[in-house]
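Asker: I have a structure I would like to understand better, so I am pasting it below and will then ask my questions one at a time.
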Amino acid sequence: PIYGKWIAFSSENCVKKIPADGGTPELVARTTDYVVNLTWGRDDVIRFPARTWDAIRYVSAKGGQLQSLSFDKGIRVSRAEWLPGNKLLVSLTTAEGDYIGVRETEGSIKRLFEGLDAKLTPKNALLYTKQDGSKWSLMTRSFDPGSASITADERVVSQNVAMRYATPAAATSAGDVFFISGEARSDRRIVIVSRDGSERVLENVRAPWQNLQLSLDGSLLALSRWEGARRTIWTLTLETG
């Protein structure tokens with residue numbers, strides 16, 4: 001995310017910033033979180049979701065103590081962006097699904113519409129993604145930040161976009177939208193490392209794997225796999241691959 005002439009980014013469990021025209025990175029804060037989905041608000045505060053997805057971490061762009069804003073149990077928060085009046089535009093997931101809302105200053109949540117990972121553009125429109133079968137579509141609609149309300153129906157910008165942790169799109173002050181088309185890909189290997197340091201790579205099982213767990217008898221792996229807008233669970237036999 002770019003705020004003025006600076007770019008905020010994550011590196012080695014740190015939040016850093018660097019001049020947009022190049023230079024030496026500056027440390028903003030250290031954290032044990034993954035640091036994905038950074039936002040740099042118009043209040044000059046950098047925000048990102050906690051590793052456990054139950055809170056939003058935030059810190060002044062000038063540096064300082066990292067702070068945390070918790071959400072109610074059962075709510076998974078993946079993004080937060082500042083709105084006038086110290087409200088937050090938030091992307092949330094509950095048992096009912098993904099939706100975009102506004103967190104009021106006293107902590108209540110006003111649900112706006114179905115979607116994920118909303119970004120406020122310089123023209124005060126919202127860019128977000130929405131599940132479309134097993135894929136994602138990039139959507140937009142007009143928004144009034146002052147009243148935190150929707151002012152137009154949603155429109156489809158592109159179908160089958162490369163959604164993973166963040167909406168793969170950005171908008172300019174001129175109103176142009178740049179986005180990454182096509183599916184997100186991640187060909188992760190499954191590797192067994194012996195005590196002596198030798199490695200055995202299981203062939204022909206490269207895929208966008210996420211988490212894994214070994215069975216009690218040590219013969220199988222249970223793995224979760226990211227497939228566009230779907231999540232699937234697989235078992236893998238270690239002996240045969």
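Listed here are the residues, each with its yes/no results for (1) without any contact (Cβ under 8 Å) to a residue 24 or more places away in the chain; (2) in contact with an Asp or Glu (Cβ under 9 Å, 6 or more places away or on another chain); (3) not in a strand (DSSP E or B).
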site	(1), (2), (3)
Val59	no, no, no
Leu92	yes, yes, no
Glu106	yes, no, yes
Arg111	yes, no, no
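Asker: Let me ask another. Anything in the stretch 159-201 that is within 28 Å of Lys119 (Cα to Cα), among the β-branched types (Val, Ile, Thr) and surrounded by 13 or more Cβ atoms within 10 Å (Cβ to Cβ)? List them, or say none.
Answerer: The answer is Val161, Thr167, Val177, Ile180.
Asker: Still on this structure: Only one of Leu83, Leu66 is within 19 Å of Ala118 (Cβ to Cβ) and either of a type outside the set (D, E, K, R) or open to solvent by 30 Å² or more (accessible area, probe 1.4 Å) (or both); which?
Answerer: It is Leu83.
Asker: Determine, yes or no, whether Asp132 is acidic (Asp, Glu) and touching a residue at least 24 places away in the same chain (Cβ under 8 Å). Please lay out each step first, then the result.
Answerer: Working: acidic (Asp, Glu): yes; touching a residue at least 24 places away in the same chain (Cβ under 8 Å): yes.
Considered against the rule, which asks whether it is acidic (Asp, Glu) and touching a residue at least 24 places away in the same chain (Cβ under 8 Å), Asp132 comes out as yes.
Asker: Restricted to the stretch 85-131, and to residues that are of a type in the set (Asp, Glu) and touching a Gly at 6+ places or on another chain (Cβ under 9 Å), which residue is nearest to Gly74 (Cα to Cα)? Spell out the reasoning first.
Answerer: Pass one, the stretch 85-131, residues of a type in the set (Asp, Glu): 96, 98, 104, 106, 114, 117.
Imposing the further condition that a residue be touching a Gly at 6+ places or on another chain (Cβ under 9 Å) reduces the set to 98, 104, 114.
Values: Asp98: 12, Glu104: 18, Glu114: 17 Å.
Once the filter is applied, the top-ranked residue is Asp98.
Asker: Would you mind finding the one in Ser215, Ser181, Ser137, Ser219 that is hydroxyl-bearing (Ser, Thr, Tyr) and within 21 Å of Ser78 (Cα to Cα)?
Answerer: Numbers: Ser215 fails: within 21 Å of Ser78 (Cα to Cα); Ser181 fails: within 21 Å of Ser78 (Cα to Cα); Ser219 fails: within 21 Å of Ser78 (Cα to Cα).
Checking each option against the conditions leaves just Ser137.
Asker: Picking from Ile109, Ile150, which residue would you name as being open to solvent by 20 Å² or more (accessible area, probe 1.4 Å), modelled with pLDDT of 90 or more and under 27 Å from Thr52 (Cα atoms)?
Answerer: Details: Ile150 fails: under 27 Å from Thr52 (Cα atoms).
Result of the check over Ile109, Ile150: Ile109.
Asker: When the stretch 1-56 is examined, which residues are found to be of a type outside the set (S, T, N, Q), assigned to a strand (DSSP E or B) and within 14 Å of Trp82 (Cβ to Cβ)?
Answerer: Tyr3, Ala8, Trp40, Val45, Ile46, Arg47, Phe48, Ile56
Asker: Also, quick follow-up: Across the stretch 27-52, what is the number of residues that are of a type in the set (D, E, K, R) and without any contact (Cβ under 8 Å) to a residue 24 or more places away in the chain?
Answerer: Summing the residues that are of a type in the set (D, E, K, R) and without any contact (Cβ under 8 Å) to a residue 24 or more places away in the chain in the stretch 27-52 gives 1.
Asker: Can I ask one more? When Trp234 is evaluated against the numbered criteria (1) assigned to a strand (DSSP E or B); (2) farther than 30 Å from Thr129 by Cα, which criterion, by number, is the only one it fails?
Answerer: Evaluating Trp234 over (1) assigned to a strand (DSSP E or B); (2) farther than 30 Å from Thr129 by Cα leaves (2) as the failure.
Asker: Can I ask one more? So in the stretch 202-224, with the set limited to residues that are open to solvent by 50 Å² or more (accessible area, probe 1.4 Å) and modelled with pLDDT under 90, which one is nearest to Asp132 (Cα to Cα)?
Answerer: Restricting to residues being open to solvent by 50 Å² or more (accessible area, probe 1.4 Å) and modelled with pLDDT under 90, the top hit is Gln210.
The values are calculated or read from the model by the stated rules, or taken from the named source; none is laboratory data. Computed from a predicted model, the values in this text were never measured in an experiment. All Cβ positions, even for glycine, are placed from backbone atoms using ideal geometry, and neighbour counts span all protein chains on display. With ligands, DNA and RNA removed, areas are computed over all heavy atoms of the protein, side chains included. Shrake-Rupley method; radii C 1.70, N 1.55, O 1.52, S 1.80 Å.
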